[in-house]
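The structure appears right after this line, and notes come after that.
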Amino acid sequence: MFDTERFVADCAATVRGDDSQKSIREIVARAVADPAAVLQGLGEPRRGGIQSLHQSAELTILNVIWPPKMTIMPHNHTMWAVIGVYTGREDNIFWRRLEGGDGRRIEAAGAKALSEKDTAPLGRDIIHSVTNPISQLTGAIHVYGGDFFGAERSEWDPETLREQRFDVERARRLFAET
């Protein structure tokens, strides 16, 4: 069975190393390689939400449950991240800042679909939007190299693609309401 306390301890011990993101990816990959164990340890997802498993200045670990068909606007993290899907699917669109102008607009630059057992590293400068394209809940472990809730970050309006301050509480409501 997936042991949340052990997982957090392993990540916390590793985050202090020089190659912490790579090491964390290995820990997350081992965990999501056995989706049934993660489901047993964290519980079967029942509704959308963001569950904090650990939060400190160096490390945040979240159990993110994406409601069916939910999309979250483009956003950045200003820290590295590792995503591991243990049930369902996450479709990521990656964005880049447009040259010229005021530098506050973005354009699509690539995409990656993550399914059960997949992991992906995200660099500290990545801008992405995420969709759960299926009609069931998607569960993913998200590990961040910093304080996810305390960091100054940006999001981009989904219609105009203009940059604005990231609103954590609005994001939490979006997960809960969808």
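The values are calculated or read from the model by the stated rules, or taken from the named source; none is laboratory data. Every value quoted in this text rests on a predicted model; they were computed, and no experiment measured them. Using ideal geometry, Cβ is built from the backbone for each residue, glycine included, and neighbour counts are taken over all protein chains shown. Quick note on the areas: whole protein, heavy atoms, side chains included, nothing else; ligands and nucleic acids left out. Shrake-Rupley method; radii C 1.70, N 1.55, O 1.52, S 1.80 Å.
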Original post:
Within the stretch 99-124, which residues are on the phi > 0 side of the Ramachandran plot and touching a strand residue (DSSP E or B) at 6+ places or on another chain (Cβ under 9 Å)?
Top reply: Gly103, Gly110, Lys117
Original post:
Can we say Gly139 is within 23 Å of Gly48 (Cβ to Cβ), under 16 Å from the mean Cα position of the chain (by Cα) and part of a loop (DSSP other than H, G, I, E, B)?
Top reply: no
**OP:** Of all residues in the stretch 106-162, count the ones that are aromatic (Phe, Trp, Tyr), touching a His at 6+ places or on another chain (Cβ under 8 Å) and within 23 Å of Glu58 (Cα to Cα).
**Re:** 2
**OP:** Would you list the strands (runs of 3 or more DSSP E) that sit entirely within the stretch 1-96 and hold 3 or more residues that are hydrophobic (A, V, I, L, M, F, W, C)?
**Re:** 60-66, 81-87
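To keep it simple, each residue is scored yes or no on (1) among the hydroxyl-bearing types (Ser, Thr, Tyr); (2) free of Cβ contacts under 8 Å to residues at least 12 places away in the same chain; (3) at negative phi.
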position: Gly17; (1), (2), (3): no, yes, yes
position: Val32; (1), (2), (3): no, no, yes
position: Ala36; (1), (2), (3): no, yes, yes
position: Leu39; (1), (2), (3): no, no, yes
position: Pro45; (1), (2), (3): no, no, yes
position: Leu53; (1), (2), (3): no, no, yes
position: Ser56; (1), (2), (3): yes, no, yes
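Of all the residues that make up the stretch 127-173, how many are open to solvent by 50 Å² or more (accessible area, probe 1.4 Å) and either more than 21 Å from Ala109 (Cβ to Cβ) or not basic (Lys, Arg) (or both)?
So the answer is 14.
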Original post:
For residues in the stretch 93-125 being touching a residue at least 40 places away in the same chain (Cβ under 8 Å) and crowded, with 20+ Cβ neighbours inside 10 Å, which is farthest from His75 (Cα to Cα)?
Top reply: Thr119
